[in-house]
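All remarks here apply to the structure that follows.
We did not get these values from a lab; they are worked out from the coordinates using the rules stated. What you see is a predicted model, and the numbers here were worked out from it, not measured in a lab. Counting neighbours? That spans all protein chains shown, and the Cβs are built from the backbone with ideal geometry, glycine included.
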Amino acid sequence: MAAVPRLPGGFDVMRVREDFPVLARRIHDRPLVYLDSAASSQQPTAVIDAVADYSRQHHANVHRGVHTLSQEATALYEAARERVRRFVNAASAAEIVFVRGTTEAINLVAQAQLRPRLQPGDEIIVSWLEHHSNIVPWQLLCGQTGAVLRAVPIDRRGVVDFDAYLRMLGPRTRIVALAHVSNALGTVLPVRAYLDAARERGITTLVDGAQAVPHRRVDIQELGCDFYAFSGHKMYAPTGIGVLYGRERVFDAMPPWQGGGEMILSVSFTGTTYNHLPHRFEAGTPNIAGAIGLGAAIDYLEAIGMDRIGRHEQGLLEYATAKLAAVPGLTLIGTAPDKSSLVSFSVDGLHPHDLGTVLDSQGIAVRTGHHCAMPVMEYFGVPATTRASFGLYNTRTEIDALHAAVLHAIRMLR
């Protein structure tokens with residue numbers, strides 16, 4: 001396993017940046033300023049090396065082989081599962097299912113946990129803040145079962161209306177599925193209060209944690225949710241790997257979602273006996289390299305410390321908010337009092353795509369568009385926003401570069 005940083009004392013962002021090879025790139029002959037970590041974060045050398053070492057030295061299929069390479073690959077894969085368990089403080093590794101990402105995790109819950117027990121008129125509750133991945137799977141499920149999808153409103157700050165949420169909970173509510181952190185606005189939901197209210201009424205709960213786990217300490221047992229989903233590529237790991245945490249007693253009551261190899265104990269033409277947790281929900285050959293990369297990313301984050309990362313990113317958020325709020329004609333979209341490390345904004349007279357193109361010419365990578373959150377854009381009456389999202393490797397100097405480039409774009413495009 002490649003070395004990960006040990007940073008006694010304060011957070012040394014310049015030391016951390018040395019671990020990310022891509023940050024040495026120049027884009028359009030300018031230093032890369034990568035402000036798109038909410039879409040996909042970059043990977044440190046420790047993750048890149050862990051994946052490469054597996055591919056060079058240990059590649060084989062897992063669980064089914066008696067030869068040395070298979071046993072090594074299995075040990076690495078299951079060690080990654082244990083790292084995930086520890087990282088989110090799940091009670092057991094059996095509660096950690098590897099999936100392709102948050103999207104697949106939510107679809108798994110929708111089809112395996114909810115579909116068999118939904119009746120016409122039953123209700124699924126989400127919020128107006130949700131990513132499409134926490135909307136469309138439920139819409140598909142409603143079309144299959146006759147259930148109804150309801151969305152908790154937000155206000156002009158991007159804060160979910162908790163009182164409205166309480167009023168919406170009822171005898172037909174079967175699941176509450178909420179983002180821990182909004183990918184479009186950065187709003188941090190006080191999910192514990194939402195989960196407590198649902199649990200008191202016997203309602204199943206799911207949290208989309210894709211934008212939370214890279215930035216803050218998450219304790220699954222403290223939250224008390226039934227399901228928690230997140231993606232590796234938001235937290236410095238490869239794409240194509242993610243996690244669905246499920247409370248063991250809830251998982252035990254669920255039928256498999258997909259059938260095939262590994263999710264079985266025995267198969268005959270008269271019937272099949274399904275495998276134990278968590279393998280019952282991991283049909284087929286898994287993304288072994290991705291899981292190993294995810295484990296290495298967790299090691300990296302823990303070596304730095306999630307509290308340190310959170311403080312550093314909060315400082316970036318406050319600095320960027322103050323700088324951009326002072327730009328004439330720029331409107332910040334999403335001003336919740338508790339936010340994660342991103343800013344979403346519009347500029348009078350400029351389409352976000354044009355602004356993003358100019359920023360790219362200055363070497364600055366931001367995200368422009370609806371951010372897979374069209375209801376949010378609809379609520380604020382904008383077709384799209386420009387979103388700058390920060391990771392543990394970003395600096396105030398890079399925010400200064402963003403600020404200068406936005407001013408340059410305004411002068412050039414107006």
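Please state the charge dipole magnitude for the stretch 100-183, taken about the Cα centre, from unit charges on C-beta atoms (+1 on K and R, -1 on D and E), reported in debye and rounded to the nearest 20. The calculated dipole for the stretch 100-183 is roughly 120 debye.
Full extension of the segment from E200 to V382, taken as 0.36 nm per residue of separation minus the current Cα-Cα distance, would add 61.8 nm. In this label model, S268 and H351 are separated by 6.5 nm, measuring between points 7 Å along each Cα→Cβ vector. Scaling the Cα radius of gyration of the stretch 120-269 by the globular reference 2.2 N^0.38 Å produces a ratio of 1.10. Centre-to-centre separation between the Cα atoms of the stretch 272-299 and those of the stretch 179-254: 18 Å.
Share of Cα-Cα pairs in the chain beyond 37 Å, in percent? Here the long-distance tail beyond 37 Å is 25 percent of all Cα pairs in the chain. With the simple model of a label 7 Å out from the Cα in the direction of the Cβ, A60 to D12 spans 4.0 nm. Across the stretch 49-302, the mean sequence separation of Cα contacts (distance under 8 Å, 6 or more residues apart), normalised by length, yields a relative contact order of 24 percent. Scalar couplings 3J(HN,Hα) for the stretch 312-317, obtained by applying the Karplus form with A = 6.51, B = -1.76, C = 1.60 to θ = phi - 60°, are 4, 5, 5, x, 4, 4 Hz; x denotes Gly and Pro.
What does the helix-only formula give at 222 nm for the chain: each DSSP H stretch with n ≥ 4 adding -39500 (n - 2.57), the total divided by the residues, and the result rounded to the nearest 500 deg cm²/dmol? Mind dumping the intermediate values first?
Numbers: 14 runs with 150 residues, N = 414.
Taking each H run of at least 4 residues, the total per residue is -11000 deg cm²/dmol.
Only beta bridges with both residues in the chain are counted; by DSSP, about 60 percent of them are antiparallel. Of all the options D299, D348, D226, the one that moves most in a Gaussian network model of the chain with Cα springs shorter than 10 angstrom is D348.
Rounded to 0.05, the FRET efficiency of the D219 and M168 pair, given R0 = 25 Å and the Cβ-Cβ distance, is 0.40. Per-residue extension of 0.36 nm, minus the Cα-Cα distance of R117 and V148, leaves a gain of 9.8 nm for this segment. Each distinct pair of alpha carbons in the stretch 129-205 adds a 1/r term; the inverse of their mean, the Kirkwood radius, is 13.2 Å. Candidates I410, A365, F345 compared by Cα position along the dipole of the stretch 306-413: farthest toward the positive end lies A365, with charges placed on Cβ.
Mind running the shape call on the stretch 211-348? Use the C-alpha gyration tensor, a ≥ b ≥ c as the square roots of the eigenvalues: rounded below 1.5 for a/c, prolate if a/b tops b/c, oblate otherwise. Prolate is the answer for the stretch 211-348, as a/c is 1.5 or above and a/b outweighs b/c.
Centroid-to-centroid, using Cα positions, the stretch 85-136 and the stretch 301-325 are 29 Å apart. Near the amide H of A147, within less than 5 Å, lie the amide hydrogens of G121, all on another chain or at least 5 residues away, with H placed in the peptide plane. Computed log10 I(q)/I(0) for the stretch 306-413 at 0.15, 0.18, 0.22 Å⁻¹: -0.61, -0.88, -1.28, from the Debye equation with unit scatterers placed on every C-alpha and solvent omitted. The magnitude of the dipole of the chain, with charges of +1 and -1 set on the Cβ of Lys/Arg and Asp/Glu and taken from the Cα centre, is near 260 debye.
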